[in-house]
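The block underneath contains the structure these notes are about, expressed in structure tokens.
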Amino acid sequence: MSALFILIIISMLVAGSFLFLFLHAVKKGQYDDTYTPSVRMLFDDSTPADPTTPSQETLNTKN
Amino acid sequence: MITSQPGQKQTSTNLHCYHCGEPCKETTIHLEEKAFCCDGCKLVFEILYENNLCTYYDVAKSSGNSPDSSVYVGKFTYLKQPEVLKQLLHFSSESQHHIKLFVPRIHCSSCIWLLENLQKLDGGVISSSVNFPRREVNIVYNPAQTDLSKIAARMASIGYEPHISLGDIDKIQRRKAVRGQWLKIGVAGFCFGNIMMMSFPEYFSIGSLAGQESLQQTFIWLNFALALPVLFYSAQEFFVSGWTALRNKHLNIDLPIAAAVLMTFLRSVYEITSGTGAGYFDSMAGIVFFMLIGRAFQSRTYETLSFDRDYKSYFPVAVSILKPDGTEDQITVSDLKKGMRMRIRNQEVVPADAILLRGDARIDYSFVTGESDPEKKLLGDIVYAGGRQTGASIELEIVKPVKYSYLTQLWNHAAFRKDDAEAEQASMVNKINQYFTVGIFVIASIAAFYWWNAGENARMMDAVTTILIVACPCILLLAATFTNGNVLSILGKNGLYLKNAFVIEKLAGANAIVFDKTGTITLNSQAAIRFVGEQLPEKYRQSIYSLAIQSTHPLSLLISASFKGLQAKIVKEFCDVTGSGLKGEVDGKAVQLGSASFLGIKTVNLFSDTRVYVSVDEEILGYYSFDHALRPGLANLISKLKQRFSLFLLSGDKENDKDRLRSFFAEDAMQFRQQPDDKLQFISNLQQSGNKVLMVGDGLNDAGALRQSDAGIAVSDNVNNFSPACDAILDGKVLPKLASMLQYCRDGKRVIAVSFALSLLYNFVGLYFSVRGELEPVVAAILMPVTSISIVSFATITSSLMARRRGL
């Protein structure tokens, strides 16, 4: 039966650590904005040259 | 000619602006292969192109903002003021300033991308990140390299003007409260789950077998330990609010919950210390957990909307002051004093009552009075606070400080001290709950007296605590919170955003509706145009069109749009006199479009509508008359509302629209030339004769009436823009649905009543078994969540079905 006591302690520790992680995440503001990060991760890091934009020369002559 | 016309129309409607995606009208600007609807859009494109930010257009196609034309050079110079900065920044050091800016025009993934690349547009920006649901940009910048006024101006130039007002600063407070709510739910959920798990041996009587007492004891004491955070942390708000109510000598919703939680805990502690049982920690944690979830569901607020703005959010943060030595200085509005001279530029708002000293003042009071035409002021005239100057800059001397000005005095009225606690007191849930609580205490005391009389003190304690635990009104309240939460979210999806759940009931209880005119039942942006005079000859039509198309003034745009399929001719000697009109020479004839005085017409200046006169070669041909167009679907809405409500109309305008509105409102139900104070008084009179009044308005001039009314709905064409303090914000586009929305609020109330009946039934059944001592712990443990969940699903599903029936 004493194995059960050890198991209970371990299970409480595991569950407690998840609770701690949750509280930590809330405090860090991870639940403040649940939308923007999902969009942000899709952006490319660098800005590739856009082939559809006019060249610098044509812009300058127009101005 | 005739055959080519449809084709021509086709191309102009199919062409969409590369930047903002709006269909290009007559004034299409081409740059390479790209079409732009206006100069503003083209300018933004050029800025982005020069800074290598054209990925903007790849993220989401043609979704840019056309820059707001009302932004002028120097609009943000006040942000250089250290006092202003101090209030706005939430962190500042030598090398870093942190600020949150509210940008209501954020609307798509492109916006996020662009605003998070601000450092490419301004080298001084260290980083920027967007919070999309809040329409907020967090900017970190180096004050040595740039300053806030530059950043704000830059953002405005690309179509993302930040809205800065000192009134909105306290939002950060609310955020902390939201986080606290998550933490409490997390803790309660964790404890509830684990207590349930630890209670399983108890439910199935495993631990009571011989030789396993130590195990049983361990589980019980672990449950006790897990119940402590629920009691002392998660359930905190119930105790605090219940105690406050008790101290103010009234009952509120939280009091019975607090009592039940405390009673369950004490009884459980007694049971485990005396060794008579395992306690009811599972029920206690469950009650708290479910209640907190219900609260969170119900109080899910609209983060970008603000329901308690006053004039401060509308007024500028700072204005230019002229010192005696002639130099100009910026000063925050609250520091303005009598006798100071201020300079107000085009599109700036006059923040205090003042006398006009210099300049050509044309003050647009549309926000204060609802009157849409700018009013011309002469030197020495008093200009009231809240007016917006249109035209060149003017100089004024302040006669009253901001707080005491004519408009802002409205906010000193008693109506603005009304607070939400009263609304809670008056709510149906609270009333039923009061009877319920009293009823429970009566039953409990009868039972107590009975057992005390029989001389069985132990059983007396037993009976009393059992009654209080089983008859907890929590299920009752769960039903109400979930129904309200669902109603709020369904109405929100349909474009009616309520401040809180109490508003549902206020809307359901109204029997009179008062409408404002301009901006509420009429559209601000769209005007109905009609030409008064003899029919224009074809050759003149073309000349007038050619002249009108030269200008981007809203009235010119409307005139040019009224001619379809014409070719513009060349205009010579074009001249645009701001605020007066246009003139030019077309086909050798002098064409003029503009106000009566611009064309030299002498009239009694009492037009009821906006007029633009037309003359060719000095011959007056007639005038264009502009009326604000009524919102589409209004007739239908009014006829539906008439069946149930008495309807009234209050307008700050002159009587000009009376004829048009006669079909909607009774003759004596229409009031014109109403000052903000008059409106408030009108509502208050209606209330005194026993009506529950619903006010539907839009501007600052309605602020008093919105506040005084039992429920105030602010109509707004862009819900993120300014709206005065109110109980609900309605998207102007869905105004026709108002009748079914009000119906739905009543439905919601009915659903709550039925759920109450259902939960009462549960309570009686529970009470019956528990009094007879026939409730097995395992049955009780299963029943508790089952009843909660069944009530919650009943409330949510019925309210959703009701919404479908109402077409919402």
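The values are calculated or read from the model by the stated rules, or taken from the named source; none is laboratory data. In this text the structure is predicted, and so the values were computed from the model without any measurement. Cβ atoms come from the backbone with ideal geometry, glycine included; neighbour counts cover every protein chain shown.
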- Item | Hits in region B:78-115 - residues which are more than 25 Å from the chain's Cα centre (by Cα), crowded, with 17+ Cβ neighbours inside 10 Å and of a type outside the set (A, V, I, L, M) | B:78, B:81, B:97, B:113
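Results for (1) buried (at least 16 other Cβ atoms within 10 Å of the Cβ); (2) in contact (Cβ under 8 Å) with a residue 12 or more places away in the chain; (3) on the phi < 0 side of the Ramachandran plot, shown as yes or no for each residue.
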site	(1), (2), (3)
B:610	yes, yes, yes
B:614	yes, yes, yes
B:617	no, yes, no
B:621	yes, yes, yes
B:629	no, yes, yes
B:632	no, yes, yes
B:635	no, yes, yes
B:641	yes, yes, yes
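Condition (residue is within 14 Å of chain A (Cβ to nearest Cβ) and more than 27 Å from residue B:393 (Cβ to Cβ)) applied to region B:78-95: is it met by at least one residue?
Yes: region B:78-95 contains one or more residues that are within 14 Å of chain A (Cβ to nearest Cβ) and more than 27 Å from residue B:393 (Cβ to Cβ).
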- Message: Condition first: under 12 Å from residue B:155 (Cα atoms) and of a type in the set (Phe, Trp, Tyr). Now tell me which residues in region B:91-133 satisfy that.
- Response: B:102
- Query: Under the condition of being in a strand (DSSP E or B) and of a type in the set (S, T, N, Q), which residue from region B:608-646 is farthest from residue B:743 (Cα to Cα)?
  - Reply: B:615
- Query: Do we have any residue at all in region B:558-566 that's outside any helix (DSSP H, G or I) and touching a strand residue (DSSP E or B) at 6+ places or on another chain (Cβ under 8 Å)?
  - Reply: no
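Just checking, which of B:728, B:703 is more than 14 Å from residue B:497 (Cβ to Cβ) and in contact (Cβ under 8 Å) with a residue 40 or more places away in the chain?
Details: B:728 fails: more than 14 Å from residue B:497 (Cβ to Cβ).
Answer to the check: B:703.
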- Hey, does region B:598-616 have a residue that's touching a helix residue (DSSP H, G or I) at 6+ places or on another chain (Cβ under 7 Å), within 27 Å of residue B:518 (Cα to Cα) and modelled with pLDDT of 85 or more? yes
- Task: Just name the residue that is nearest to residue B:47 (Cα to Cα) out of those in region B:107-141 that are part of a loop (DSSP other than H, G, I, E, B) and within 11 Å of another protein chain (Cβ to nearest Cβ).
- Result: B:117
- Query: Which numbered condition trips up residue B:79, out of (1) in contact (Cβ under 8 Å) with a residue 60 or more places away in the chain; (2) part of a loop (DSSP other than H, G, I, E, B)?
  - Reply: (2)
- Note on the structure: Subset of region B:32-46, residues within 12 Å of chain A (Cβ to nearest Cβ), assigned to a helix (DSSP H, G or I) and not basic (Lys, Arg), comes to B:43, B:45, B:46
- Message: Checking residue B:49 against (1) in a helix (DSSP H, G or I); (2) away from chain A (no Cβ under 14 Å); (3) in contact with a Leu (Cβ under 9 Å, 6 or more places away or on another chain): exactly one of these is not met. Which one?
- Response: (2)
- Go through region B:755-787 and count every residue that is surrounded by fewer than 12 Cβ atoms within 10 Å (Cβ to Cβ) and either of a type in the set (Lys, Arg) or modelled with pLDDT under 75 (or both). 3
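For (1) surrounded by 10 or more Cβ atoms within 10 Å (Cβ to Cβ); (2) out of contact with any Phe, Trp or Tyr (no Cβ under 8 Å at 6 or more places or on another chain); (3) modelled with pLDDT of 90 or more; (4) within 8 Å of another protein chain (Cβ to nearest Cβ), each residue gets a yes or a no:
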residue	(1), (2), (3), (4)
A:17	yes, yes, yes, no
A:20	yes, yes, yes, no
A:25	yes, no, yes, no
A:28	yes, yes, no, no
A:41	no, yes, no, no
A:45	no, yes, no, no
- Message: So, residue B:499, is that one among the charged types (D, E, K, R) and crowded, with 17+ Cβ neighbours inside 10 Å or not?
- Response: yes
- Note on the structure: The correct count of residues that are modelled with pLDDT under 90 and out of contact with any His (no Cβ under 9 Å at 6 or more places or on another chain) in region B:505-520 is 5
- Query: out of contact with any Cys (no Cβ under 7 Å at 6 or more places or on another chain), surrounded by 18 or more Cβ atoms within 10 Å (Cβ to Cβ) and at pLDDT 85 or above, is that true of residue B:157?
  - Reply: no
- Note on the structure: Checking B:453, B:484, B:457, B:430 in turn, the sole residue that is touching an Asp or Glu at 6+ places or on another chain (Cβ under 7 Å) and either surrounded by fewer than 21 Cβ atoms within 10 Å (Cβ to Cβ) or closer than 30 Å to residue B:797 by Cα (or both) turns out to be B:430
